[in-house]
């Protein structure tokens, strides 16, 4: 039987915790980046500050749901290979999304990375939904 | 004794997971809706895009705290009937809030739905607070 | 061996749950404050409404990651004294941050409180990261 506990004894949880910490650290780093930008540029409106700001907000919209859904998903006792694939895909998409947003790289690079992360979130949500009871 | 574990063996958790996935899916759907709107309308400012945007932000402010508080609330071993009532009330209020926001329906429909969801969040927070230690 | 379960039998979790509920309640209170302000002032743009709004957004950027990281951090089985220090420091910084934002107190009071909370989040994230597997 698959291990579905929220503890480091469960290898799926240990892996989830790693990738959740990676994407949360990345999101936290955006706050520092925004502040540094504001201190050095100090305009009321600036294109670069606004880009960092929107990128940070996009992270909050995607990374926070991922961590919440991931916690619930781990408790469904998923297949370890499938779970690892989703966690890595999400982390990779969000890191590349930030690079595409801040460089900035030409579209559709950013939109594709957003869709990749969004797909994982939807997939985790549906798995949790169908495991739950109402 | 009430079951307070974060696992699908606990019927309260199984129910929480279902409703948490419902409201998170609804929130994720808002991102897609915003993007589709932006792609078809493409203005710098548009009343409809802004409404979807604010509705999405309102979801993040309410749905993410609900899922966090719900996880902590389940561990307090609440009465199953009370817990089910809160989870269903929150999900119903947030779905109706989105409908009221996007249709848009005349006020106070939206404010009342917001208050319903907010009340559940406050109630869960107080239960967790009084179960915790400082 | 340190207790690392997500249950009130674990004193570290019981303490985390208390402080998580405190900072989430504070964040929820900001929504009510924003609405009350809007109803009494009703301008399209107002300096005070905008300050409450930005303060609320700043909470979402910091408080929600704290609760997520805290849940994962508890499962690493941290030293109880260290854990208690981080939880209290975060809650104190965020409460003082809000006071500094809304009074408003002269800088750098607000920035220092932000840095304090941010430091705790980074510290929790690094602990979870180094405990996880990839």
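A compact table of results
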{"quantity": "Close pairs from the stretch C:72-97: first at negative phi, partner crowded, with 21+ Cβ neighbours inside 10 Å and not in a helix (DSSP H, G or I), Cβ under 7 Å, at least 6 apart", "calculated": "C:74/C:6; C:75/A:6; C:75/C:6"}
{"quantity": "Odd one out for residue C:79 among (1) more than 13 Å from every other protein chain (Cβ to nearest Cβ); (2) under 15 Å from the mean Cα position of the chain (by Cα)", "calculated": "(2)"}
{"quantity": "Checking residue A:27 against (1) within 12 Å of chain C (Cβ to nearest Cβ); (2) in contact (Cβ under 8 Å) with a residue 12 or more places away in the chain; (3) within 15 Å of residue A:128 (Cβ to Cβ), the condition it does not meet", "calculated": "(3)"}
{"quantity": "Checking residue B:105 against (1) more than 14 Å from chain C (Cβ to nearest Cβ); (2) in contact with a helix residue (DSSP H, G or I) (Cβ under 6 Å, 6 or more places away or on another chain), the condition it does not meet", "calculated": "(2)"}
{"quantity": "Any chance residue C:67 is touching a helix residue (DSSP H, G or I) at 6+ places or on another chain (Cβ under 7 Å), touching a residue at least 24 places away in the same chain (Cβ under 8 Å) and within 8 Å of chain B (Cβ to nearest Cβ)", "calculated": "yes"}
{"quantity": "Yes/no for residue A:32 being within 22 Å of residue C:118 (Cα to Cα) and within 12 Å of chain C (Cβ to nearest Cβ)", "calculated": "yes"}
{"quantity": "Selected residue [at pLDDT 85 or above and either more than 8 Å from every other protein chain (Cβ to nearest Cβ) or within 14 Å of the chain's Cα centre (by Cα) (or both)] from C:37, C:85", "calculated": "C:85"}
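The values are calculated or read from the model by the stated rules, or taken from the named source; none is laboratory data. Predicted, not measured: the structure shown is a model, and the values here were computed from it. Positions of Cβ are generated from backbone atoms using ideal geometry, with glycine treated the same way; all protein chains shown enter the neighbour counts.
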